[in-house]
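The values are calculated or read from the model by the stated rules, or taken from the named source; none is laboratory data. On a predicted model such as this, the values are computed, not experimentally measured, just so you know. Quick reminder, even Gly has a Cβ in these numbers, built from the backbone with ideal geometry, and neighbours come from all protein chains shown. Note: areas computed on protein heavy atoms with side chains; ligands, DNA, RNA excluded. Shrake-Rupley method; radii C 1.70, N 1.55, O 1.52, S 1.80 Å.
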Amino acid sequence: MLLLLIIALIVVASVVLLWLRHQRVLRQRAWLISEAIRNRDFSFRLPTKGLPSGERAMQETLNELGNTIRQQVNQNEVESWEQLTRVLTHEIMNATAPITSISQSLLKHPDINGSDMEDGIKAIYDTSRHLSEFVSNYRKMSELEQPVLGQVDLNAMLDEIRHTYPQVTWEMNVPSRMQVWADAGMLRQVLMNLTKNALEANAQKIVIEATLEDAEGLSHDRTRLLSLYFGNDGTPIPAENRKSLFVPFFTTKRSGSGIGLSLSRRMMIQQGGMLELADRPLLGCHVTFLLSIPYSKQT
């Protein structure tokens, strides 16, 4: 009888210790989530394997909520830039058009040719024309056509881009016959923009890896995403520039317009995906971008 009582006490004590440990783990996860939200990092993923159904459902919901918030924040950011773009492009174009026209006419006037004023007027003309071209290019952000979504053979598209840029070494780890649900033209343009950026950063190697989001923990109405990592060994991005990469007009290139990455992110959002800078670069790379692309199927 005493032995049974001791065994019962040991079992009860073990259960209590396990429960207390589990509660401590839950408190730690709650703290990590609050810190992530406070720092505007909604990419957290809580484990769901081996949990009771109720807790698993709760953590699945938190994971989906974090992803939804992240997408909504990025979407709102893009929409805000679009609204600002419409105002800025209208006002700037209205201001620069007459300056360009008048300065061009003056440069053709016989009294200006060869005079001391010619260089100054030419500088005015070149500057106004450059500004007009810059604003015209940026209009692409708000004038994108609606995507035409369909099944896209990702391997074939990557092979096409690889053959287009043979001057760089390519390393690919993508499942064969992988198809994604995307606009082929938009996706190709995003991949080409990333390739051009890598070449401009003096990259000698581009590494591409793909992983399919784990289906466990996803609700039936949530789209599975393919994570496509696009890395290169070019010049690293300084820490102070990382948060500004997708801000329109931001560029570290002397001849850059600052719309390439922001336009690429806009195109990915329109396809139901996302483009962002990966937290950690791929092995052998200095910079890695992460493309989240709706997954179709493997045939």
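Starting from the residue with the highest accessible area, list Tyr125, Tyr229 in decreasing order, probe 1.4 Å. Display every interim value, and only then the final one.
On the way: Tyr125 35, Tyr229 65 Å².
From most accessible down to least: Tyr229, Tyr125.
Estimate the FRET efficiency between Gln204 and Glu145 by the formula 1/(1 + (r/R0)^6), using the beta-carbon distance for r and 41 Å for R0, to the nearest 0.05. Let's see the in-between values first.
Working: r = 35 Å, r/R0 = 0.86.
Calculated value: 0.70.
Please give the peptides 108-120, 277-289, 185-197 ranked by average Cβ packing (other Cβ atoms within 10 Å per residue), highest first, as a rough proxy for protection.
Values: 108-120: 10.8, 277-289: 16.4, 185-197: 19.4.
Ranking, from highest mean packing down: 185-197, 277-289, 108-120.
Could you calculate the contour length gain from Val15 to Asp279, that is, 0.36 nm times the residue separation minus the distance between their Cα atoms, to one decimal place in nm?
Details: separation 264, 0.36 × 264 = 95.04 nm, distance 3.87 nm.
Computed gain between Val15 and Asp279 is 91.2 nm.
Report the full-extension gain for the segment Leu4 to Arg242: residue separation times 0.36 nm, less the Cα-Cα distance, to one decimal in nm. Could the numbers behind the result be given before it?
Details: separation 238, 0.36 × 238 = 85.68 nm, distance 6.31 nm.
Length gained, Leu4 through Arg242: 79.4 nm.
Can you give the FRET efficiency for Ser34 and Ser105, using 1/(1 + (r/R0)^6), R0 = 51 Å, r = Cβ-Cβ distance, to the nearest 0.05? Don't skip to the answer; put the middle values down first.
On the way: r = 63 Å, r/R0 = 1.24.
For R0 = 51 Å, the calculated efficiency reads 0.20.
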